[in-house]
Amino acid sequence: MSVSKNSIEKLKYTKEDIKQLFNQAIIQKCAKSQFILGKFYVYEKKNYKQGFKLYLQAAEQGHIIAQYRVAECYGNSYGVEYNMEEAFKWCKKASVQSHRMAQYQLGSCYEYGKGCIANINEAYIWYTKASEQGVPEAKYNLGVIYETGKCGVKNTIKALELYTEAANKGLPEAQFKIGVFNESIGNIKEAFRYYKLSAENNDFNAQFKLGLIYKKAAEQDHNDILKVIDTLNANNFLDVLDKIDKIMN
C-alpha cells in the first residue's frame, strides 16, 4: 500500500501545544488530539511506533483519516509489523466513510488480492467511488478495466474519457495512454504533446516513445539530432530533450 503525498507534512508545535495535546489525547481520549499527536510523533519525532499507537487509538474511535493512516502503517511496516489483512480491514473502514484515497487503495486491494480475495467487481466499485472524488490513479485503473473488459464488457470510449481526465490531472501513465491513442488515429501533434508531458513526468515508456519519434524526424530531416539522441539515458532525458528542441526549432 503506497503512501499518499498528502501524508507528508511538516508540523510545528510549541511546548504548550504538546502539553495540551497530551492532556486531550491521553487523559480525555479525544480522537482528533490522538490523531494530531500521532502525526507529531511520526513527522517530527520520527517515532513511528508511538505514532502508530496514537493513530490506532483515534481510528478505533472512528476517526476517518486515522483509520487510513493505520492502514498505511500496516501496509508499509511503519511502527508495526507488516500485515496486509489488517491494512485491508482499516482501509475498508475509512472507505465506507468516503475517504477517497482509502477507496482507491481498497480498489487496488480487491484487484490484486492484497489482504483479501481478489474480486475485480469489487475493485470496479471502489475505483468508481474514488474516481468520482477525483483521484487520478483511480480514474486510470478504472480506464484499464473498461479498456480490457476485465468486468466482462469493453468500453473504449469510457476508457479514453477516464484516461483523459487522469492525464489532465498530471498522471504520467494516463498521459502516455492518450499519446498512444492519438498516434493510433494519426494525430501525431497531440500524440507528441502527451508523450512529452508524460516524459517530463519521468514515465520511461513515454521517454522511449518520444525518443523514437525524434529519431524518425531526425532520419528524415535532421541528421544532427541522431548524435544527440545517442547520448540519451534515463538520467539526462530532459537535457537531451532541450537540445533536440533547439535543433528542431
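Where a number appears in this text, it was derived from the coordinates with a stated rule and is not lab data. What you see is a predicted model, and the numbers here were worked out from it, not measured in a lab. So basically every Cβ, Gly included, is an ideal-geometry build from the backbone, and we count neighbours across all protein chains shown.
Structural remarks
- For region 98-169, the equivalent ellipsoid derived from the alpha-carbon gyration tensor has semi-axes of 18, 15, 8 Å in decreasing order.
- Pairs spanning more than 21 Å between alpha-carbon atoms, out of 129/158; 139/177; 45/93; 53/89; 53/92; 29/129: 45/93; 29/129.
- Rg(Cα)/(2.2 N^0.38 Å) for region 18-75, N = residue count: 0.98
- Pairwise label distance in nanometres, residue 61 with residue 81, each label 7 Å out on the Cα-Cβ vector: 2.8 nm
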